[in-house]
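The values are calculated or read from the model by the stated rules, or taken from the named source; none is laboratory data. As the structure is a prediction and not an experimental result, all values here were calculated from the model. Please note: Cβ atoms are built from the backbone with ideal geometry, for glycine as well, and neighbour counts cover all protein chains shown. Only protein heavy atoms, including side chains, enter the accessible area calculation; ligands, DNA and RNA are left aside. Shrake-Rupley method; radii C 1.70, N 1.55, O 1.52, S 1.80 Å.
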Amino acid sequence: MPKNLTALLAVPLVTITLITGCSALALNTAESPKQSRKAEPTPAPEETQIPEEITGEPGDPLTAAEAKQLNGQRGTLRPYEKSDGSYVIIDVKQPLPPAVKEEVVQEMGSVPNDVGSVTQSMIDQATATGKTIVVVRQVQTSNDAGQNITTWAAGSYAKGFPIGIQGGSAEAVLAQVQPWVDAQNDPYLEVVVVHN
């Protein structure tokens, strides 16, 4: 075999060997993704923080975090979210704080006078306050002849509440409601009088 041919054959073999060797070297020295990661320290478990006991009287302000913590967590106390987004403490077994009752009256006074709207408002306020609401306010209804009328009426979802109490004024209706209210032994009861 001529020397030149041997030299020419040797060059491709060397080249193949170099490429293959480099590839093998590269494969052998490359770190796999699992090997390249350093062991990350396991984060320490968060310490369980025992929430501080919320103290206060009905009507006292709460932060949003305190309101979340108090919601159903401490006896009969609960948060009440006011229309401005702030919170105060209420106790479902005590009368509503005057500022809260005033807001409930305003909220219920702002709904339309139809029975459906008043009923929904009563449900919303009962949910917000944890109280059984008796509302005295003007409503639009119909008389026995089917005519639409506006009258003062009382309504509640309270067990045994008398149906059909109506009158010409809030005072006249309240006078009919009061004997029933006085006969109740219900700390959750709240009478709301709405003047339209």
Hey, rough spin-label estimate for Ser169 and Asn143, points 7 angstrom out along Cα→Cβ, what's it come to in nanometres? 2.0
If you average 1/r over all unlike Cα pairs in segment 116-196 and invert the result, what Kirkwood radius do you get in angstrom? 13.1
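Give the ranking of Lys93, Lys101 by solvent-accessible surface, highest area first, calculated with a 1.4 Å probe. Spell out each step's value before the answer.
Values: Lys93 110, Lys101 65 Å².
So, going from the largest accessible area down, we get Lys93, Lys101.
Rounded, prolate or oblate: which one fits segment 155-196, using the alpha carbon gyration tensor with axes a ≥ b ≥ c (rounded when a/c is under 1.5, else prolate when a/b beats b/c, else oblate)? Can you show the working numbers first?
Values: a/c = 1.83, a/b = 1.59, b/c = 1.15.
Note, shape of segment 155-196 comes out prolate.
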Under the 7 Å Cα-to-Cβ spin-label approximation, Thr151 and Val115 lie apart by a distance in nanometres of 1.1
Note down the nm distance, to one decimal, between modelled labels 7 Å out along Cα→Cβ at Glu57 and at Thr127. 3.2
At 1.4 Å probe size, with no ligands or nucleic acids counted, give the accessible surface of Ile149 in Å², nearest ten. 60
What accessible surface, in Å², does a 1.4 Å probe find on Thr55, ignoring ligands, DNA and RNA and rounding to the nearest 10? 100
